[in-house]
Amino acid sequence: MSQQSATSDNTVSREEILEVANLARLGVDESTADSYAADISKVLKLMHTLSNVDTTDIKPLANIHEACQELRADVAKHDINRERNQSVAPAVEDGLYLVPQVIE
C-alpha cells in the first residue's frame, strides 16, 4: 500500500485492505473489506480535519474537568466482618474458605 494513496485523499481502498490483511496474515474476507475500508477512511478524514485545527494558544489539560480529585486519607481500617463475608461461601472451616483441589 502506498503512503501517498492513503494520505492524499484520505481514503483507503478495498484492495489496500486486502493487501495489508494478506501481509499481516489476517483472515479478512472480501465482504468485510469494503466496510473496513469505509471505516478506516472515516477515521483518516477525521484525523485530517483535526490536524488542520489551530491549537497554538490552547494549553494541554490534565483532565477534561479542570478540577482536582479529592483523595481520602490513606488510613488502614479493620472493619472486615469475617462472619458476614463467609456466610455466603459454599464451604468454610475454621475461618478459611474451602475450595476444590485443582492440582493433583
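The values are calculated or read from the model by the stated rules, or taken from the named source; none is laboratory data. Owing to the predicted nature of the structure, the values given are computational and were not obtained by experimental measurement. So basically every Cβ, Gly included, is an ideal-geometry build from the backbone, and we count neighbours across all protein chains shown. The protein model used for the area step is the full one, side chains on, heavy atoms only, and it has no ligands, DNA or RNA in it. Shrake-Rupley method; radii C 1.70, N 1.55, O 1.52, S 1.80 Å.
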>> I'm trying to understand the selection: among the residues of segment 13-29, which are surrounded by 12 or more Cβ atoms within 10 Å (Cβ to Cβ) and part of a loop (DSSP other than H, G, I, E, B)?
In response: S13, V28
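Filtering segment 30-60 down to residues that are part of a loop (DSSP other than H, G, I, E, B) and open to solvent by 100 Å² or more (accessible area, probe 1.4 Å), which residue is nearest to S13 (Cα to Cα)?
N52
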> Does A73 meet the test of being of a type in the set (A, V, I, L, M) and within 21 Å of the chain's Cα centre (by Cα)?
Replying inline: no
> Which one is farthest from Y97 (Cα to Cα), of the residues in segment 71-85 that are outside any helix (DSSP H, G or I) and open to solvent by 100 Å² or more (accessible area, probe 1.4 Å)?
Replying inline: L71
> Inside segment 43-71, can you point out the residues that are of a type in the set (K, R) and modelled with pLDDT under 85?
Replying inline: K59
> What number goes with the only condition from (1) loosely packed, with under 10 Cβ neighbours inside 10 Å; (2) over 33 Å from the mean Cα position of the chain (by Cα) that L98 does not pass?
Replying inline: (1)
> Within segment 30-50, can one find any residue that is out of contact with any helix residue (DSSP H, G or I) (no Cβ under 9 Å at 6 or more places or on another chain) and on the phi > 0 side of the Ramachandran plot?
Replying inline: no
> Given the conditions (1) part of a loop (DSSP other than H, G, I, E, B); (2) modelled with pLDDT of 90 or more; (3) out of contact with any strand residue (DSSP E or B) (no Cβ under 9 Å at 6 or more places or on another chain); (4) at negative phi, which single one is not true for A89?
Replying inline: (3)
